[in-house]
Amino acid sequence: MPLETPSWWYRKTGMVAAALSPLAALYGRAAASRMHKCETYRSRLPVICIGNFTAGGGGKTPTAISVATLLKGMGRKPAFLTRGYGGAAKGLVQVSEGQSATEVGDEPLLLAAVALTIVSTDRVSGAKAIETSDADVIVMDDGFQNPSLAKDLALIVVDAAAGIGNGRVIPAGPLRAPLDVQIARADALAVIGEGKKADALIAAFDAAGKPALRAKTVPNCDARWLSVLPVIGFAGIARPAKFFGMLKSNGARLIASHAYRDHHRFTEKEAKRLLEEAGHKGAMLVTTEKDWARLPDEDEDSALTELKHRSRPFPIVVTFDDAMAVKGLLSRATER
């Protein structure tokens, strides 16, 4: 079960973070040691890794989809490699039509709509499986800190409005490993959205001679339907407030919003409450594609299934301000 992201991770360092500093130092040394290990396998295919420096989501999956779309436009055949967080399936699984988020996780379902997707906690096994397909490039969703598979391009995603929080390592802060260790192994930075919380990180990449690219999240649909009825938004993602803000900025009259932890599994009770609230207020229910993918659609007597049928996902896509610069990075990585 995913844990709540501590809110104080994204504030100035306080007493709790200071008290946890000794544990953070131990965790940081272990994480740095792991990242310094030699990569155990180099695939015959180029490997593009979309990762982040911190625990929790930051836009990796939509960025991976955007990168795969650019690769397709360059004449490549990408395949996704992901660990399938939250899925019950064991071992190596190729995501296929009809599978549920309960089996493979929510993000793999979104990836599989774009390209061949392999779910495997063992990245090497997953890469070898993709090698047997007709794919000619591997796009990893997450796995930056995992040293088992060599990467030809490590593109780090950061939310401009959140940055890297207090800049401390788990559990004192959100960093998965010391920042200097992670920057040394990264190739480029993708800063998504508006805000100045990532400015220091951009400066660090500039100082290291590594590109910092700008990107934004935009609707992947005609958003005028959002203004037809009042909207009740619900989301179980890393930063629900960002999603609710996007709904409002695209014309939604948001009369209520319900935030849940990332990868939240909705219950029958929660589904009934949302349905009752929507009926009482004459509103439409709108959620993220990831949340909508987690809702089941096979049980006609289930409130969860009814919630899926009566709610509507708001699709988004990540677009790069300088797509040609991204294509240049991808071209150099795939032509090794």
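The values are calculated or read from the model by the stated rules, or taken from the named source; none is laboratory data. Not measured: the values here are computed from a predicted model. All Cβ positions, glycine included, derive from the backbone under ideal geometry; neighbour counts span all protein chains shown. Surface areas here come from the heavy atoms of the whole protein model, side chains and all, with no ligands, DNA or RNA. Shrake-Rupley method; radii C 1.70, N 1.55, O 1.52, S 1.80 Å.
I'd like to check something: does the stretch 85-98 contain any residue that is touching a residue at least 40 places away in the same chain (Cβ under 8 Å) and closer than 27 Å to D159 by Cβ?
Checked the stretch 85-98: at least one residue is touching a residue at least 40 places away in the same chain (Cβ under 8 Å) and closer than 27 Å to D159 by Cβ.
Being closer than 16 Å to G51 by Cβ, in contact (Cβ under 8 Å) with a residue 40 or more places away in the chain and acidic (D, E): is that true of D136 here?
No.
Can you name the residue in the stretch 96-112 that is assigned to a loop (DSSP other than H, G, I, E, B) and over 21 Å from F266 (Cβ atoms) and, of all such residues, is modelled with the highest pLDDT?
Restricting to residues being assigned to a loop (DSSP other than H, G, I, E, B) and over 21 Å from F266 (Cβ atoms), the top hit is S96.
Taking the residues in the stretch 224-238 that are outside any loop (DSSP other than H, G, I, E, B) and not charged (D, E, K, R) as candidates, determine which candidate is surrounded by the fewest Cβ atoms within 10 Å (Cβ to Cβ). I'd like the intermediate steps shown before the answer.
Here is the first cut: in the stretch 224-238, the residues outside any loop (DSSP other than H, G, I, E, B) are 224-227, 231-235.
Checking which are not charged (D, E, K, R) leaves us with 225-227, 231-235.
On the way: W225: 15, L226: 23, S227: 12, V231: 25, I232: 22, G233: 26, F234: 27, A235: 24.
This residue is S227.
When you look at I170, is it in contact (Cβ under 8 Å) with a residue 40 or more places away in the chain, open to solvent by 30 Å² or more (accessible area, probe 1.4 Å) and under 29 Å from K210 (Cα atoms), yes or no?
Here the answer is yes, as I170 does meet what is asked.
Looking at the stretch 132-144, can you tell me whether even one residue there is in a helix (DSSP H, G or I) and surrounded by fewer than 17 Cβ atoms within 10 Å (Cβ to Cβ)?
no
Quick one: in the stretch 32-59, which of the residues that are open to solvent by less than 20 Å² (accessible area, probe 1.4 Å) and of a type in the set (A, V, I, L, M, F, W, C) is nearest to L179 (Cα to Cα)?
F53
What is the one condition in (1) surrounded by fewer than 15 Cβ atoms within 10 Å (Cβ to Cβ); (2) basic (K, R); (3) within 18 Å of the chain's Cα centre (by Cα) that K281 does not satisfy?
(3)
For the stretch 181-217, give me the residue count where each residue is assigned to a strand (DSSP E or B) and open to solvent by less than 70 Å² (accessible area, probe 1.4 Å).
Counting residues in the stretch 181-217 that are assigned to a strand (DSSP E or B) and open to solvent by less than 70 Å² (accessible area, probe 1.4 Å) gives 9.
Quick check on the stretch 145-156: of everything there that is open to solvent by less than 20 Å² (accessible area, probe 1.4 Å) and either under 17 Å from A208 (Cβ atoms) or charged (D, E, K, R) (or both), which residue is farthest from the chain's Cα centre (by Cα)?
Among those residues, the one meeting the criterion is L153.
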